[in-house]
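The values are calculated or read from the model by the stated rules, or taken from the named source; none is laboratory data. Being a predicted model, the structure only gives us computed values, none of them experimental. Counting neighbours? That spans all protein chains shown, and the Cβs are built from the backbone with ideal geometry, glycine included.
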Amino acid sequence: MLQGLQEKSPPSDSAESQALSSAMMGFQGKLDSVMQNLIAQAILSQNGRSEANYHYQQIPNMMTTPQHDLKIVVKRDGEGKNSIIDPRNTQVVMSMETENMGKMVVSMIVKDNKVYVIFVFNEKEQGEEGRSMIAKDFGEFQQRLADKNYLITGYQVKVDPVMINIPVYMILMVPKSDDLLKRINLEA
């Protein structure tokens, strides 16, 4: 409805018209965010469905302007909302908006003490910049996980505008984690 109103409003260079247009766009963005949050919570709070058996957190990210939430989804072990999260057998997906590289999704698949990481970026330039930054800091990342008794068996950097716009809770359902875990075992 807001988009329709904005399209039908006559173009004008007046300060009032621009202020109204800006306010409507801001309100539309907030409304979209509320709808996405409601849908995510509705799907993730369902009992008895294995594909919705995840722990979901939204954390305000104050390091971006405008502020965007950091979304974290962790796969639970077992069924139901009261099932535990096994830190040695899970998948963690984080979706975040960054100042320099736009939207980014990081997926970590954990099996025993082995970790496979997938970084997904929205655009080719962001993916190339991300790839070089990850390669530069990979040793430190590997060491930090080794200090916690985890071994990184490999990582991928992808550019996928479709995947980056899929709600974060759906990303857990897209890549078949069993296939990637087999790959981890083969690489180890």
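Tabulated values for the structure
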{"item": "Residue in region 93-105 that is at pLDDT 75 or above, exposed (fewer than 13 other Cβ atoms within 10 Å of the Cβ) and either part of a strand (DSSP E or B) or not hydrophobic (A, V, I, L, M, F, W, C) (or both) present", "result": "yes"}
{"item": "Candidate set: region 116-157, residues that are more than 19 Å from the chain's Cα centre (by Cα) and assigned to a strand (DSSP E or B); chosen: the one farthest from residue 105 (Cα to Cα)", "result": "151"}
{"item": "Qualifying residue in region 118-127 (condition: at positive phi, surrounded by 13 or more Cβ atoms within 10 Å (Cβ to Cβ) and not charged (D, E, K, R))", "result": "no"}
{"item": "Exclusive hit being within 28 Å of residue 146 (Cβ to Cβ), without any contact (Cβ under 8 Å) to a residue 12 or more places away in the chain and either assigned by TED's automatic domain parsing to the domain that holds residue 152 or crowded, with 17+ Cβ neighbours inside 10 Å (or both), set 112, 86", "result": "86"}
{"item": "Number of the exception - residue 65 against (1) at pLDDT 70 or above; (2) not assigned by TED's automatic domain parsing to the domain that holds residue 102", "result": "(2)"}
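Here's the yes/no breakdown for (1) in a helix (DSSP H, G or I); (2) under 23 Å from residue 108 (Cα atoms); (3) modelled with pLDDT of 70 or more; (4) not β-branched (Val, Ile, Thr):
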residue	(1), (2), (3), (4)
20	yes, no, yes, yes
32	yes, no, yes, yes
43	yes, yes, no, no
55	no, yes, yes, yes
59	no, yes, yes, no
82	no, yes, yes, yes
86	no, yes, yes, yes
